[in-house]
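The values are calculated or read from the model by the stated rules, or taken from the named source; none is laboratory data. The structure displayed is predicted, hence computed values, not measured ones. Glycine gets a Cβ as well: all are built from the backbone with ideal geometry, and neighbour counts include every protein chain shown.
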Amino acid sequence: MHKLVAAILIALTLVAPSAARAQDATAAPFDADLLRLAEILGTLHYLRAVCGSNEGLKWRNQMQALIDAETPSGDRRTRMVASFNRGYHGFQQTYRTCTPAANLAIQRYLEEGSRISRDLTARYAN
């Protein structure tokens, strides 16, 4: 789990400077990946709490770090926040208690988030 957090922070540090921020209307080439990562963070924020991880606002704070690093505005920021909320609310409707399926979902989302972070770092770290 610490590897995912480290990978996300590395990706944020390396990806943010290369983002095209001149105009919000122009999407960065990695926006789809960032939106998916935001959705995963929302999912983890909800599921980890349901499963008693005692992580508090860890995943929400990771999302805030993503927004702070990317500094999106307008529609781009709205899409990122909406992705986080979609991940959170999508699982809120499904899981009220921790189940083996919820734990499996957590594991899969941790792996996917880690993969996205590695891919972003590898692709845009120059």
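Please go through region 94-126 and give me each residue that is in a helix (DSSP H, G or I), in contact (Cβ under 8 Å) with a residue 24 or more places away in the chain and either in contact with a Cys (Cβ under 7 Å, 6 or more places away or on another chain) or farther than 16 Å from LEU41 by Cα (or both), ordered by number.
Passing the criteria: ALA102, ASN103, ILE106, ASP119, THR121, ARG123, TYR124.
Would you tally the residues in region 59-87 being in contact (Cβ under 8 Å) with a residue 40 or more places away in the chain and closer than 26 Å to THR97 by Cβ?
Summing the residues that are in contact (Cβ under 8 Å) with a residue 40 or more places away in the chain and closer than 26 Å to THR97 by Cβ in region 59-87 gives 6.
Within the bounds of region 32-46, is there any residue that is crowded, with 20+ Cβ neighbours inside 10 Å, β-branched (Val, Ile, Thr) and touching a Leu at 6+ places or on another chain (Cβ under 7 Å)?
Looking for residues that are crowded, with 20+ Cβ neighbours inside 10 Å, β-branched (Val, Ile, Thr) and touching a Leu at 6+ places or on another chain (Cβ under 7 Å), one finds none in region 32-46, hence no.
Name the helices (runs of 4 or more DSSP H) wholly inside region 1-93 in which the number of residues that are at pLDDT 95 or above and aliphatic (A, V, I, L, M) is 2 or more.
Where helices (runs of 4 or more DSSP H) fall fully within region 1-93 and carry at least 2 residues being at pLDDT 95 or above and aliphatic (A, V, I, L, M), they are 31-50, 74-92.
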